[in-house]
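Have a look at the structure below before the remarks.
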Amino acid sequence: MARGLLLVMMEPPATLEEEFHDWYDSEHLPQRLGLPGFETGSRWVCLSGWPRWLAIYDLSSTAALADPAYVAVSGANSTPWSQRILPRTLGRQRVVAEQVDPGEALAPAAETICRLGLARYSARPGDVLSALRQTSRHMEGLCQLRLFDDGRFTWVLAAFARPVEMTDLTSLFTRGGATPAMVNLYAPYRRA
């Protein structure tokens, strides 16, 4: 089975933001990382795009989301705190996808990444991969490019070891004929 990805984007109302971070940092992320098949987890803040917060989990495969341990703590079985926070978030998107390229790669440690680009394409993974391979070789600071397929869209995560701007991402993600429907730029989440 291919390695999987769980990607979740959302934004709490301003009045809930402090509690949202308390919940994510002390309950949600640690709980998820303790589940079978969850190999990495990281949080990101959106610098350009929307919604403001992104969580990325590398999975041994998407089957991890059907594991009884995950089912026991998700959906209707979520903790009371999760049931209080999640319905109040805005722009919530949950993406479950399989890694297409390079295949078995895990995300680099968030501490080593300065910026993260996320793009969503309607084009099939092969078409996107072909376009990106032509341009990515020349992107200074690009340390990893991963493609995922959720059955509807192709998702691309581009990790950079240096600061990049939205114009850099747009240049990377639009060359070679593939045009993304969405592009967001992130920095690692660090709570003040």
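The alpha carbons of the stretch 80-178 stretch over 48, 30, 27 Å along the principal axes, in descending order. Within the chain, the longest run free of exposed loop sites, counting trypsin sites (Lys or Arg not before Pro) that sit outside DSSP helix and strand states (H, G, I, E, B) and have at most 12 other Cβ atoms within 10 Å, spans 1-136. Among residues other than Ser42 with Cβ under 10 Å from its Cβ, the summed charge is -1 (Lys and Arg +1, Asp and Glu -1). Its DSSP H runs of at least 4 residues, each contributing -39,500 (n - 2.57), put the calculated 222 nm mean residue ellipticity of the chain at -5500 deg cm²/dmol, to the nearest 500. Please give the direction-averaged projected area of the C-alpha convex hull for the stretch 1-114, in square nanometres with one decimal. Spelled out: convex hull of the Cα atoms, projected over all directions, averaged, 7.5 nm².
Please name whichever of Tyr121, Gln83, Trp23 sits farthest to the positive end of the charge dipole of the chain, dipole taken about the Cα centre and charges placed at Cβ: Lys and Arg +1, Asp and Glu -1. Sorting the options by dipole projection puts first Tyr121.
Tell me, what are the semi-axes, in whole angstrom and largest first, of the equivalent ellipsoid of the chain as set by the roots of 5 times the Cα gyration tensor eigenvalues?
Details: eigenvalues 150, 74, 42 Å².
Listed largest to smallest, the semi-axes of the chain are 27, 19, 15 Å.
Placing dummy labels 7 Å off each Cα toward the beta-carbon, the span from Glu165 to Gln93 is 2.4 nm. Subtracting the Cα-Cα distance of Ala66 and Thr179 from their residue separation scaled by 0.36 nm leaves 37.4 nm.
Using the Karplus relation 6.51 cos²θ - 1.76 cosθ + 1.60 with θ = phi - 60°, the per-residue 3J(HN,Hα) values for the stretch 185-192 come to 10, 10, 10, x, 6, 9, 7, 6 Hz, with x marking Gly and Pro. Over all other residues within a Cβ to Cβ distance under 10 Å of Met9, the charged ones net out to +2, with Lys and Arg as +1 and Asp and Glu as -1. If you take all other residues with their beta carbon under 14 Å from the beta carbon of Pro51, and give Lys and Arg +1 and Asp and Glu -1, the sum is +4.
No lab work stands behind these numbers, since they all come straight from the coordinates. As the structure is a computational prediction, the values presented were derived from the model and not from experiment. Virtual Cβ from ideal backbone geometry, glycine too; neighbours counted across all protein chains shown.
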